Amino acid sequence: MALRNRTEVTDFVLLGLSSWPEMKPVIFGIVLTMYLIAVLGNALLVIVACVDSTLQTPMYFLLRQLSFIDIFLTTITIPQMLVHTLAVSQTISYNLCMVQLFFFMAVGSMEGHVLAAMAYDRYVAICDPLRYSAVVTQHLCLRITLTSWVVVSLNSLLYSVLVSRLAFCGNRVTHFFCDITALLKLSCTRPVVNEMLIFTEGAAVVVSPFFFILGSYARIGAAIAHMHSAVALRKALSTCSSHILVVLLLYGSVIRMYLRPSSSYNLDQDRQVAIFYTVVTPMLNPLIYSLRNQEVKGALRRLFRKLCISRHFQPGSQPNRKWQHIS
């Protein structure tokens with residue numbers, strides 16, 4: 001019976017953010033605006049970190065990775081959600097749903113690992129500044145990034161395989177993308193194995209970076225408490241403030257969404273939380289790092305200055321025509 005029910009589901013219907021038709025144009029406009037700000041803001045941060053020589057450091061290598069992840073995370077879900085908001089059909093094929101689940105779980109988990117690496121970067125910079133350049137290197141950051149991608153990909157593959165083996169009694173997903181909590185609700189039987197994995201293996205992969213971040217900041221807090229220089233104290237707090245804010249935004253929504261029993265799931269509320277970490281957080285991250293980081297603001301000013309100068313002196317521009325006229 002379970003096999004028959006599972007094979008009958010060839011596609012899913014994504015119900016979206018709201019069931020009220022009059023709200024769909026408003027939702028489309030708001031989400032599209034946030035999506036464009038998120039993609040353009042993170043892309044600009046990546047470009048600046050790549051072209052500016054002062055940002056060629058391990059810390060900004062990790063910031064580039066975070067921006068890449070934010071672009072991918074929001075692109076995995078939001079464009080499809082925008083199309084479904086105004087389209088008559090809101091279906092997604094079974095296979096494409098499993099693919100979306102895999103990439104969303106992998107990329108979403110990877111964001112926590114990058115934030116943990118950034119916390120380690122700040123820990124060494126504040127607690128052991130003399131050895132910072134020897135300890136935190138581009139090679140170390142690259143190894144951490146590649147290892148993390150392998151870990152989260154294997155974890156996501158395991159989740160996707162287990163979900164694909166479930167027996168579904170319906171295909172109407174109360175969500176705007178193929179999220180694991182919404183799919184578990186469609187299972188004909190209580191998926192005990194999947195829930196156990198979420199609280200054990202899943203918690204180890206997703207939440208362990210959070211505990212690593214807490215441990216790093218405990219050491220940073222102890223080091224800051226012993227600082228006697230007001231300048232050093234202010235610099236340390238400025239270095240950590242943006243990262244702490246991003247961590248709170250991410251893990252506040254992740255813990256609210258996934259690390260709880262399925263009996264307490266409220267899919268209507270979960271959709272609102274999901275829109276927060278799929279588009280609002282990626283939109284805020286580049287704003288947080290650009291507005292609160294003097295080096296990034298300086299790099300942005302230099303980039304815009306170069307663009308203005310190159311445009312001012314390009315062939316055929318007004319100044320060139322003026323000099324030709326005078327000569």
Would you be able to say whether some residue in segment 169-177 is closer than 30 Å to Thr239 by Cβ and surrounded by fewer than 18 Cβ atoms within 10 Å (Cβ to Cβ)?
-> no
Inside segment 86-102, can you point out the residues that are open to solvent by 20 Å² or more (accessible area, probe 1.4 Å), at pLDDT 90 or above and either outside any helix (DSSP H, G or I) or among the aromatic types (Phe, Trp, Tyr) (or both)?
-> Thr91, Ser93, Tyr94, Phe102
Which ones in segment 105-162 are among the small types (Gly, Ala, Ser) and under 23 Å from Leu197 (Cβ atoms)?
-> Ala106, Gly108, Ser109, Gly112, Ala116, Ser148, Ser153, Ser156, Ser160
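Conditions tested, residue by residue: (1) assigned to a helix (DSSP H, G or I); (2) over 30 Å from His226 (Cα atoms).
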site: Ser133; (1), (2): yes, no
site: Arg143; (1), (2): yes, yes
site: Leu146; (1), (2): yes, yes
site: Ser156; (1), (2): yes, yes
site: His175; (1), (2): no, yes
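In segment 202-253, what residues are of a type in the set (Val, Ile, Thr) and open to solvent by 50 Å² or more (accessible area, probe 1.4 Å)? Reasoning before the result, please.
At the first step, the residues of segment 202-253 found to be of a type in the set (Val, Ile, Thr) are 205-207, 213, 220, 224, 231, 239, 244, 246-247.
Scanning segment 202-253 gives Val231, Ile244.
Residues are listed down the side, and each one gets a yes or a no for (1) open to solvent by less than 70 Å² (accessible area, probe 1.4 Å); (2) within 16 Å of Val296 (Cβ to Cβ); (3) in contact (Cβ under 8 Å) with a residue 60 or more places away in the chain; (4) part of a helix (DSSP H, G or I):
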site	(1), (2), (3), (4)
Gly16	yes, no, yes, no
Lys24	yes, no, yes, yes
Tyr35	yes, no, yes, yes
Ala38	yes, no, yes, yes
Ile47	no, yes, yes, yes
Phe61	yes, yes, yes, yes
Arg64	yes, yes, no, yes
Ile78	yes, no, yes, yes
His84	yes, no, yes, yes
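The values are calculated or read from the model by the stated rules, or taken from the named source; none is laboratory data. Here the structure is a predicted model, which is why all the values come from computation and not from measurement. All Cβ positions, even for glycine, are placed from backbone atoms using ideal geometry, and neighbour counts span all protein chains on display. Note: areas computed on protein heavy atoms with side chains; ligands, DNA, RNA excluded. Shrake-Rupley method; radii C 1.70, N 1.55, O 1.52, S 1.80 Å.
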